[in-house]
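The values are calculated or read from the model by the stated rules, or taken from the named source; none is laboratory data. These figures come from a predicted structure and were not determined experimentally. Cβ placement follows ideal geometry from the backbone for every residue including glycine, while neighbour counts extend to all protein chains displayed. The accessibility values were calculated without ligands, DNA or RNA, using every heavy atom of the protein model including side chains. Shrake-Rupley method; radii C 1.70, N 1.55, O 1.52, S 1.80 Å.
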Amino acid sequence: MTIRIIPQEQLEKSPPAAEMIPPLLFPQLKQLYSRRAARLRQLAEKNPLGDYLRFAAVIATAQEIVLYDHPLEMDLRARLEESARLGKPPLDINMLARDAHWQRLLHSLIAELKPEMSGQALSVLENLEKASSAELEAMASALFASEFARVSSDKSPFIWAALSLYWAQMAALIPGKARAEAGEQRQFCPVCASVPVSSVIHMGGKSGLRYLHCNLCESEWHVVRAKCSNCEQTQDLHYWSLDNENAAIKAESCGDCGTYLKMLYQEKDPAVEPVADDLASLILDARMEQEGFARSSLNPFLFPGE
């Protein structure tokens, strides 16, 4: 199954869908960044990567401030209709032209972050502040093309933080609704075509359902459990943890495609957060690499180096 986002006008003209499971959850930005920052700080207290988790928390806090300082107003109806016609995600990173808003967000993030940074991090911010618009666009394009060696790993989190904030703002404004249809490629976000950061097993009204959390636009989309989120095979799946079978964080590995994705269980720990808990559990990543598996996901605070 694949997920398509249908314009509201088309939905009103078509028979009501009988879906019991929401295939897509658009981002709820009101508390997203404050909750992420709080979780990062909590996890930093007893983590060997505590300093970096606190660094990520500072960026998340700055994202929340910039979000409210620079609200986005955009009419996406024409874009949604065109993407529905082409059968593409409406905010496809491979097709959507970026406007100046994301660079305004970046410079606002830099202004918020400079007083909080020192040493190498401050130098990186100052270099980004001096970069030309064309240079910033080139770095953004390289990250979207997964050409990570073209962008220094100390600049990538700041560039991505601004891009993510821009895409999340747009995703929250989409005037449509998702529908599950026949097709493949649920390993990519149906909103922006980026990859997930991790998956979350929800509790409450969506108890037991697995949603993949986008590392760019912050949307979540449903993928059934006991199926590889990368290649959709159902055989040779295994689950790994550093503690025991009741651990709140596990890695699902696929022997068919050789990848893994972390699964966060809200019923085990209601405080789990897709980005924060993925970043704080890098020891599990090291174990998976030792076992010969590669990540199928990308954390916005941890890009491959040069």
| request: Report the FRET efficiency, 1/(1 + (r/R0)^6), for R54 and V224, where r is their Cβ-Cβ distance and R0 is 41 Å, rounded to 0.05. | output: 0.70
| What's the center-to-center distance, using Cα atoms, between the range 206-284 and the range 75-140 in Å? | 28 Å
| query | Which whole-number value in Å³ per residue fits the convex hull of the alpha carbons of the range 144-254? | reply | 152 Å³
| message | Given contacts defined as C-alpha pairs under 8 Å and at least six residues apart, what's the relative contact order of the chain, whole-number percent? | response | 23 percent
| task | Please tell me the relative contact order of the range 15-76 in percent, rounded to the nearest whole number, where contacts are Cα pairs under 8 Å and at least six residues apart. | result | 30 percent
| query | Which percent of Cα pairs goes in each bin when the distances of the range 80-188 are cut into 10 angstrom slices starting at zero? | reply | 12, 40, 29, 15, 4, 0
| field | Integer Hz, Karplus 6.51/-1.76/1.60 couplings in order for the range 253-264, x for Gly and Pro | value | 9, 10, x, 7, 9, x, 10, 9, 9, 6, 10, 10
| message | Taking θ = phi - 60°, what integer Hz values does the Karplus form 6.51 cos²θ - 1.76 cosθ + 1.60 yield along the range 122-133, in sequence order, with x for Gly and Pro? | response | 5, 4, 4, 4, 5, 5, 5, 4, 8, 5, 6, 4
| query | So what is the 222 nm mean residue ellipticity for the chain from helices alone, if each DSSP H run of at least 4 adds -39500 (n - 2.57) and you divide by all residues, rounding to the nearest 500 deg cm²/dmol? | reply | -12000 deg cm²/dmol
| request: Go through the range 39-45 residue by residue and turn each phi into a ³J(HN,Hα) via Karplus (6.51, -1.76, 1.60, θ = phi - 60°); whole Hz please, and just put x for glycine and proline. | output: 5, 4, 5, 5, 5, 5, 4
| task | With no solvent and one equal point scatterer placed on each C-alpha of the chain, evaluate the Debye formula and give log10 I(q)/I(0) for q = 0.08, 0.13 Å⁻¹, two decimals. | result | -0.34, -0.95
| Calculated SAXS-style log₁₀ I(q)/I(0) at q = 0.13 Å⁻¹ - the range 191-299, Debye, Cα scatterers | -0.42
| remark: Taking R0 as 41 Å and r as the Cβ-Cβ distance between E129 and A286, the FRET efficiency 1/(1 + (r/R0)^6), rounded to the nearest 0.05, comes to 0.75
| remark: Under 19 Å by backbone N from the virtual spin label 7 Å along Cα-to-Cβ at L173, the residues of the range 81-117 are 81-84, 89-109
| Computed accessible area, M263, all protein chains, 1.4 angstrom probe, square angstrom | 0 Å²
| Counting alpha carbon pairs within less than 8 Å and at least 6 residues apart, what relative contact order, in whole percent, applies to the range 62-217? | 29 percent
| Å³ per residue of the Cα convex hull, for the range 10-140? | 171 Å³
| Out-of-range pairs (alpha-carbon distance over 31 Å; input K130/K250; K177/K227; K114/K250; K88/K114) | K130/K250; K114/K250; K88/K114
| For the range 44-94, what % of the accessible area comes from carbon and sulfur atoms, probe 1.4 Å? | 50 percent
| Options A178, S133, C189, ranked by Cα towards positive dipole end of the range 122-216, top entry (Cβ charges) | A178
| In Å², what does the accessible area per residue of the chain work out to with a 1.4 Å probe? | 46 Å²
| said: To the nearest 20 Debye, how big is the dipole of the chain about its Cα centre, given +1 on the beta carbon of each Lys and Arg and -1 on that of each Asp and Glu? | reply: 460 debye
